[in-house]
Amino acid sequence: MKIEIPKDHPRAESLRLREKLIEGFEAGIVARAGLIAHGRGEAFDYLLGEKTTPCAKEAIKAAVATLLIAKRPVISVNGNTAALTANHIVALAEMTNAKIEVNLFYRTAEREEAIKKLLEKVGAKKVLGVRKDASACIPELGSERRRVNPQGILVADVVLVPLEDGDRTEALVKMGKKVIAIDLNPFSRTAQKATITIVDNVSRAMPLLVQVARELRNETPEKLQQVIQKFDNAQNLGESINLIKERLSQLAVKGRFLDLQKGETK
Ligand code: PTJ
């Protein structure tokens, strides 16, 4: 059943994302657990104010510089990310010369194919990681995420992992790769273990990554290195956590709750 979301509904955007995920689930793209994972993300998004924070913007800039400087960048795609932002995955891959690889925790041949088809429909020329194409293995990883393409994630120097579970991030970092994670939960293992963590909703972060890639793509490698060197992931994560802490303190002040929802934080 598809519902009509009133444009003036105070939570219209959040409802629209839910509908996208439900449609993705019905189309065989999103895993059942993906709907639950989105709920956890929503809770953190609520605490962050449901907008891209200044520290997320900084992380996005460092992430783009890292992707542009990479020799073998790969964007790893799971069910939720495909359902929420397929066209931006393709645009970012084009802009940064990255490969696109399907990598699923709840891997089935049907879901791999459905995600590949969706990405191709929005312009992807090549999608790695489907069926026998994922013939290599990430060492020390038990889950289905260990299956990777020998010319893709296995040999990548930079991997963008929007919406992830922590094991693989840790394993990829151990293999010497730079991992860029997008995760609304700054406390998650993924967020804590990644090289660069973008604490934002993938539905907002992906279009911004594309926009910043358009801005930075003609910069010199020296300038891109400067952007990367200026960025400190631990400090940036700390800032996201502090932001949540401050918002919670403000929310606890009587009468401020609705003002904060409108974004009036002063
Ligand atoms: O498509 P598959 O088979 O690879 O499965 C994907 C899921 C998401 C089910 C799988 O990776 C999983 O179980 O993930 P976790 O361990 O629940 O972690 C998901 C993380 O993403 C959590 O920390 C959430 O807070 C965060 N998250 C959820 N929705 C969003 C998000 N972060 C950014 N944007 C979102 N929209």
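Would you work out what percent of the accessible area of the range 54-239, with all protein chains in place, is carbon or sulfur (probe 1.4 Å)? Working shown, then result.
Working: 4000 of 8070 Å².
Answer for the range 54-239 is 50 percent, counting heavy atoms of protein chains only.
Could you go through the range 53-67 in sequence order and give the Karplus-derived ³J(HN,Hα) for each residue, using 6.51 cos²θ - 1.76 cosθ + 1.60 with θ = phi - 60°, rounded to whole Hz, and x for Gly and Pro?
After applying 6.51 cos²θ - 1.76 cosθ + 1.60, I find 7, x, 6, 5, 4, 5, 5, 4, 4, 5, 5, 5, 4, 5, 5 Hz.
Name the shape class, rounded, prolate or oblate, that the alpha-carbon gyration tensor gives for the range 44-180, where a ≥ b ≥ c are the square roots of its eigenvalues, rounded holds for a/c under 1.5, and otherwise prolate holds if a/b is larger than b/c and oblate otherwise.
Working: a/c = 1.38, a/b = 1.25, b/c = 1.11.
Here the range 44-180 falls in the rounded category.
Among 153, 22, 182, determine the one that fluctuates most according to a GNM of the chain built with springs between C-alpha atoms less than 10 Å apart.
With Cα springs under 10 Å in the chain, the top fluctuation among 153, 22, 182 is at 22.
Would you mind estimating how fast the range 134-245 diffuses translationally, via Stokes-Einstein at 37 °C and 0.692 mPa s with the Kirkwood radius over Cα pairs, in µm²/s?
217
To the nearest 500 deg cm²/dmol, what mean residue ellipticity at 222 nm is calculated for the chain from DSSP H runs of n ≥ 4 alone, each contributing -39,500 (n - 2.57), summed and divided by the residues?
Dividing the helical sum by the residues of the chain leaves -17000 deg cm²/dmol.
How large is ³J(HN,Hα), in whole Hz, for each residue of the range 26-40 in order, when computed from phi with the Karplus curve 6.51 cos²θ - 1.76 cosθ + 1.60 and θ = phi - 60°, using x for Gly and Pro?
Values, residue by residue: 5, 8, x, 9, 8, 6, 3, 5, x, 5, 5, 4, 5, x, 5 Hz.
Over the C-alpha atoms of the chain, what are the Rg and the largest Cα-to-Cα span, Dmax, in Å?
Over the chain's Cα set, Rg and Dmax evaluate to 18.2, 58 Å.
Could you let me know the centre-to-centre spacing of the range 127-202 and the range 205-229, using Cα atoms, in angstrom?
Cα centroid of the range 127-202 versus Cα centroid of the range 205-229: 21 Å apart.
Looking at this model, which pairs from 117/177; 57/126; 61/230; 71/223 are more than 21 angstrom apart at the alpha-carbon?
Distance filter (> 21 Å) returns 117/177; 57/126.
Probe of 1.4 angstrom, ligands and nucleic acids ignored: what's the accessible area per residue over the range 54-239, in square angstrom?
For the range 54-239, the per-residue accessible area is 43 Å².
How big is the range 1-66 in terms of Cα radius of gyration and Dmax, in angstroms?
Computed over the Cα atoms of the range 1-66, radius of gyration and Dmax are 14.6, 42 Å.
Which shape class applies to the range 1-125: rounded if a/c is under 1.5, otherwise prolate when a/b exceeds b/c and oblate if not, where a ≥ b ≥ c are the square roots of the Cα gyration tensor eigenvalues?
On the way: a/c = 1.88, a/b = 1.16, b/c = 1.63.
Here the range 1-125 falls in the oblate category.
Just to be sure I understand the model, the point goes 7 Å from the Cα along the line to the Cβ. What's the resulting residue 23 to residue 135 distance in nm?
Output for this residue pair reads 3.7 nm.
The values are calculated or read from the model by the stated rules, or taken from the named source; none is laboratory data. Computed from a predicted model, the values in this text were never measured in an experiment. We place every Cβ from the backbone using ideal geometry, glycine too, and count neighbours over all the protein chains shown. The area values use the complete protein model at the heavy-atom level, side chains included, leaving out ligands, DNA and RNA. Shrake-Rupley method; radii C 1.70, N 1.55, O 1.52, S 1.80 Å.
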